[in-house]
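Take a look at the structure set out below.
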Amino acid sequence: MTVSGDSQFVELPVQGMHCASCVARVEKTLDALPGVFEASANLVSSQARLRVNPELFRIDQAVQSLASAGYDVPVRALRLDVEAMHCGSCIARVEAAAGAVSGVAAAEANLADSSLRVEVMAGDFRVPDLLRALRDAGYPARLAEQGISARQQREQRDRQELRHLKRATLLAAVLTLPIFLTEMGSHLIPGFADRLQAAVGITPILYTQMLLATVVQFGPGWRFYRLGGPALWRGSPDMHSLVMLGTTAAYGYSVIATVIPGVLPEAAVHVYFEPAAVIITLVLLGRYIETRAKGRTGDAIRHLLALQAPEALVRRGQEWQLQAIEAVAPGDRLLVRPGERIPLDGTVLVGESWVDESMLSGEPEPVRRGPEQAVVGGSVNGNSSLEIRVDRTGEDTVLANIIRMVQDAQAAKLPIQAVVDRVTARFVPAVLLVAVITFGVWLLLGDESALSLALVNAVAVLIIACPCAMGLATPVSIMVGTGRAAEMGILFRGGDALQSLRDVKLVAFDKTGTLTVGKPELTHLELAPGGPSDEKTALRLLASMERHSEHPLAAAIVAAAPSDLLDASAVEVTAGQGIAATVDGRALCIGSERFLARQGIDLSGFSARAMELAAEGRTVLFAADDGQPLALIAVSDPVRDGAGEAVRRLQARGLHCVMITGDGWKTAESVAAALGIDDVRAETLPGDKAGVVRELQEEGGSVAFVGDGINDAPALAQADIGIAVGSGTDVAIESADVVLMGNDLRRLDAAIRLSSATLRNIRQNLVWAFGYNILLIPVAAGLLYPLLGLLLSPMLAALAMGMSSISVLANALRLKRLPLGG
């Protein structure tokens, strides 16, 4: 970004421009943005150059507008750990500071885990500029270190901070207790104050209180000066600034009343060492409890981190050496003994054992793993030793990907959070204004003790205001909700999915591999007259051709055939329909009835038998040899355990269920009937699934699509919510908004329940956080005094302020108890 007079020049890389009309469309899109004086696009360099007003122009708006027009600005995501972000008002300031840095396309801060996620334009973006801008705004930050060990180090830092806060709270409480007892004793024990003053005198008591209060104020309470002072100086006060101002006012007034009381009106000579010290103690106690509770919101990540083995037995030469997990590279050979956790993703080379993968997949039963089978890091080896070859390390492992998905979902912002952030950004300045007005009104309208009353009520206003509760209301619910989802084997790829899933009206299922096991078995091979003399010969011919197909039905035929297969040539696969090839000089084809009929092959001799098998729920295929019927093949793919119950649970919620399959109508209707689904879209080609989803969307309502295969990716992307079964392909998982780990479709109902419960929890938190401030700030200002003669003690205000944040956290933590079953 370059500066010229009152304007700045910004260059954006733009992908997707292919012709002059694209250039014109990009320029028109950018010209329409606020703050853009002129925009020019270059087709050769694939860049747009803008002259903008830096006060009005926002890069994130430009990126979004270009995306809506069909053009992408390449960006990369960075995650930062941010210090000194303690309340809701901090969120907007952190995002504003980051957003002002050249090259930042979007910035989202999360109070619950003190993180900042930024999207920056690929190219010459400089990270030091971003870190400097955040530091200048009062929020030192560092790039979040990647890798599981780095996350474990962050956990250690968080525990250390909690210990420091605990020590500060205990010290403040010990020092505050004598002040509290000397003041409250007169209220609780008749004659206590008179006897105490007679014994030691009023002056020693006051100076002792002042000494203890001074240590509290500038010892444990120094954090409020350290954090709140710079924020106030920059003109961006936060929660620490409010506590600092309130306690300093009470403490300073008390020092004057103790040391030089003659400067105050006689009726206004009161000391407030007790409120000042008690406020600091209670606020610190509230922060300690809040920090502990916030730590619990990250339990899901913590449990996942615990699955990573810190060390591994690695083959080095002829010896096995115990080495740190960071020293292991792909291709290394590991020894995993019985009962040990498998360190990293790999392939078994030697040995067979039962492996417990429940902590990752949610499947309760151990699975048998042997040579050439994959194992996942974090799972537990059973009864035998395994030697494995490492395939993936670091951020490429399944465990690291799961942790990253959970963290991304926890860091996501729902649309309602944008409104909350705008309110909290102005909240603290508004509270300061209310406190000044409160002080002025009491000073003008009060009696001879007006000064002390004005001070007490202004302090109460400063202390009771709680931007923390408003800032935490949404992110803590998202953190706990997505964390609980991960424990249940449900991974949300973002906050939008968490919000949108509850609004789904229709669920469309792919059949093979989703509603069924996805491992078909050959059950019938019936030959046509005039074909090969025996089934083995026919099966050998067909399998020689089918081994060139990746379809599960082809795999079933190959699995049933003898191993001595023949070479095939001129192989031609028609996706979702069939395959043709030349084998042993014979022109063979196998596929659906429609596929063979299109080639003019008469299958009427198989019609009756085909209808019988299809009515049993079997997938029926036909084979031909040189244009003549060769065989009828039936393949059975059992319905997945729990699929029928999953469908019934969804229907009980009022959701409409649809099954989409490439099978013929008879087979599809039989399987659907067994599952309780009455809406079937059969004979659907793989490329047409997205079109079927589009049709369902046009019929009305939000549509979720559940699939597991490569050819499901377009439909997953087209649906309002794409849901992938975790045992499916990587392509399907990458295209999905929600991933169900393992194969239990009943988790889909749990995901919808959790989505609804999380959004309900957020609403409750927001009502409490906003309601608390709206109702109690006027009470703290003395609104009830003319009516009921009631004033709110600053000490009670401090207690209420702490409880407001704790209540929001406690309410969010209730989501941890959400059961898996309905």
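Structure data summary
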quantity: Cα-based convex hull volume of the chain per residue, rounded to whole Å³; calculated: 230 Å³
quantity: Antiparallel DSSP beta bridges within the chain, percent to nearest 5; calculated: 80 percent
quantity: Net charge over other residues, Cβ less than 11 angstrom from the Cβ of residue 606 (K, R count +1; D, E count -1); calculated: -3
quantity: Per residue accessible area of region 275-329, 1.4 Å probe, in Å²; calculated: 44 Å²
quantity: For region 438-593, projected area of the alpha-carbon convex hull averaged over all directions, nm²; calculated: 18.0 nm²
quantity: Label-point separation in nm, residue 550 to residue 367, each point 7 Å along Cα→Cβ; calculated: 1.9 nm
quantity: Those lysines that a straight Cα-Cα span of less than 16 Å connects to residue 519, excepting residues fewer than 8 apart in one chain; calculated: 511
quantity: Computed over region 547-602, Kirkwood Rh from alpha-carbon pairs, angstrom; calculated: 12.0 Å
quantity: Taking N as its residue count, the alpha carbon Rg of region 362-500 over 2.2 N^0.38 Å; calculated: 1.88
quantity: Residues with amide H under 5 Å from that of residue 702, placed H, sequence gap 5 or more; calculated: 505, 506
quantity: Debye equation applied to the C-alpha atoms of region 522-676, log10 I(q)/I(0) at 0.09, 0.16, 0.19 Å⁻¹; calculated: -0.32, -0.86, -1.13
quantity: Dipole magnitude (debye, nearest 20) for region 285-413, charges at Cβ of Lys, Arg, Asp, Glu; calculated: 520 debye
quantity: 5 angstrom amide H check on residue 17, placed H, neighbours 5+ away; calculated: none
quantity: Relative contact order (%) - region 559-697, alpha-carbon pairs under 8 angstrom, separation at least six; calculated: 18 percent
quantity: Cβ charges +1 (Lys, Arg) and -1 (Asp, Glu), total dipole of region 543-605, debye; calculated: 160 debye
quantity: Rounded to 10°, Cα long-axis angle of helix 794-813 versus longest principal axis of the chain; calculated: 10 degrees
quantity: Spin-label proximity, residue 322 to region 335-352 - amide N less than 16 Å from point 7 Å beyond Cα toward beta carbon; calculated: 335-343
quantity: Region 446-479 and region 487-522: distance between their alpha carbon centers, rounded to Å; calculated: 46 Å
quantity: Between region 208-254 and region 27-57, the Cα center-to-center distance that results, in Å; calculated: 47 Å
quantity: Accessible area per residue, Å², region 673-718 with all protein chains present, probe 1.4 Å; calculated: 41 Å²
quantity: Theoretical FRET efficiency, 1/(1+(r/R0)^6), r = Cβ-Cβ of residue 49 and residue 72, R0 22 Å, to 0.05; calculated: 0.80
quantity: Sequence ranges 277-290, 224-237, ranked by mean other-Cβ count within 10 angstrom, highest first; calculated: 277-290, 224-237
quantity: Estimated 222 nm signal from helices in the chain, with DSSP H stretches of n ≥ 4 weighted -39500 (n - 2.57), rounded to 500; calculated: -16000 deg cm²/dmol
quantity: Computed lengthening from residue 665 to residue 315, 0.36 nm per intervening residue step minus Cα-Cα distance; calculated: 120.4 nm
quantity: Nonlocal amide H pairs with residue 524, under 5 Å, H built at 1.01 Å; calculated: 634
quantity: Förster-model FRET efficiency, 35 Å R0, residue 699 and residue 814, C-beta, rounded to 0.05; calculated: 0.40
quantity: Degrees between helix 643-652 axis and first principal axis of the chain (Cα, 0 to 90, nearest 10); calculated: 50 degrees
quantity: Cut-off 11 Å between beta-carbons: net charge of the residues surrounding residue 84, Lys and Arg +1, Asp and Glu -1; calculated: +2
quantity: Region 51-128 - convex hull of the alpha-carbon atoms, volume per residue in Å³; calculated: 113 Å³
quantity: Residue 645-residue 436 FRET efficiency (beta carbon distance; Förster radius 56 Å; 0.05 resolution); calculated: 0.35
quantity: Set of lysines with alpha-carbon distance to residue 166 below 29 Å, sequence-local pairs under 8 removed; calculated: 294, 816
quantity: Of all accessible heavy-atom area on region 767-814, the percent that carbon and sulfur account for (1.4 Å); calculated: 82 percent
quantity: Sorted peptide list for 696-708, 367-379, criterion being average Cβ within 10 angstrom, highest first; calculated: 696-708, 367-379
quantity: Tilt relative to the chain, helix 59-68 - C-alpha long axis, 0 to 90 degrees, to 10; calculated: 30 degrees
quantity: Mean Cα-pair separation over length for the chain, i.e. relative contact order, pairs under 8 Å, 6 or more apart, %; calculated: 11 percent
quantity: Computed lengthening from residue 143 to residue 28, 0.36 nm per intervening residue step minus Cα-Cα distance; calculated: 37.7 nm
quantity: Cα-only Debye scattering, region 250-343: base-10 log of I(q)/I(0) at q = 0.14, 0.15, 0.17, 0.21 Å⁻¹; calculated: -0.73, -0.78, -0.85, -0.99
quantity: Where labels lie 7 Å past Cα in the beta-carbon direction, separation of residue 445 and residue 679 in nm; calculated: 6.1 nm
quantity: Chain lengthening between residue 135 and residue 775 when straightened (0.36 nm per residue, less Cα-Cα); calculated: 226.9 nm
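The values are calculated or read from the model by the stated rules, or taken from the named source; none is laboratory data. Because the structure is a prediction, the values reported are computed rather than measured. Don't worry about glycine lacking a Cβ; one is built from the backbone with ideal geometry, like all the others, and counts go over all protein chains shown. For the accessible areas, the whole protein counts, side chains as well, though only heavy atoms, and no ligand, DNA or RNA atoms are used. Shrake-Rupley method; radii C 1.70, N 1.55, O 1.52, S 1.80 Å.
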